[in-house]
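Quick notes on the structure that follows.
The values are calculated or read from the model by the stated rules, or taken from the named source; none is laboratory data. Owing to the predicted nature of the structure, the values given are computational and were not obtained by experimental measurement. Positions of Cβ are backbone-derived with ideal geometry, glycine not excepted, and every protein chain shown enters the neighbour counts.
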């Protein structure tokens, strides 16, 4: 059995950062690279009670539910994490994540600190969390302004949110500084590759070890020539 054929359990790769630190760009790069190579990563599709926009497809951009449907899923334990944001509910459905992990697929999460901590409570052993830092607050502020998407008031609100998010950096497994997007992306992919190789995520290694030990015992049992 070749090493690449050894069945493994997937990784829940969580990427969080303050707005403007590069989380979304890194996530897109990771998905783009995977589509061209191993095709082993799937993006977690959230459930939401937010109204669907005309350009959005149910099951692709979000799983759209009404409030009653959302509450029913929550009561049945079908959600790994959930939050209320600006009057709408968002959550991670449990079943597709567990199915992907069992099939050896990695699941990518682009979520905030609150969601990450809830995932810890649900499936901590499967989670690999990465927090992305900006090189400086001045650079973070400049990036938010360069996007030209938000008013000064919104940028100010995002910076207040960043203050709370940065306080949670020690809750993450890995912390990367995004002062160069390409270098940060290489570090991120290195983390994923290393986590994929962990012994606890490769249970079939026990069978391989049993074969190696049996073969070695047979060789040692033979009389010396």
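Annotations
- Scanning region 92-112 for residues that are in contact with a strand residue (DSSP E or B) (Cβ under 7 Å, 6 or more places away or on another chain) and either more than 24 Å from residue 167 (Cβ to Cβ) or free of Cβ contacts under 8 Å to residues at least 40 places away in the same chain (or both) yields 93, 94, 97, 100, 101, 105, 106, 107, 108.
- Taking the listed residues 9, 50, the one that is touching a helix residue (DSSP H, G or I) at 6+ places or on another chain (Cβ under 8 Å), assigned to a loop (DSSP other than H, G, I, E, B) and surrounded by 15 or more Cβ atoms within 10 Å (Cβ to Cβ) is 9, with no other qualifying.
- Hey, residue 86 surrounded by fewer than 16 Cβ atoms within 10 Å (Cβ to Cβ), closer than 19 Å to residue 31 by Cα, modelled with pLDDT under 90 and out of contact with any strand residue (DSSP E or B) (no Cβ under 7 Å at 6 or more places or on another chain) or not: no
- Filtered residue count, region 36-65, keeping only those that are within 18 Å of the chain's Cα centre (by Cα) and on the phi > 0 side of the Ramachandran plot: 1
- Test: residue in region 53-60 that is in a strand (DSSP E or B), in contact with a strand residue (DSSP E or B) (Cβ under 8 Å, 6 or more places away or on another chain) and closer than 22 Å to residue 14 by Cβ: no
- Residues of region 66-85 that are closer than 21 Å to residue 119 by Cα and part of a loop (DSSP other than H, G, I, E, B): 76, 77, 78.
- Matching residues in region 61-74 - criterion: being in contact with a strand residue (DSSP E or B) (Cβ under 6 Å, 6 or more places away or on another chain) and closer than 30 Å to residue 184 by Cβ: 62
- Boolean, residue 104 is within 15 Å of the chain's Cα centre (by Cα), surrounded by fewer than 17 Cβ atoms within 10 Å (Cβ to Cβ) and within 23 Å of residue 29 (Cα to Cα): yes
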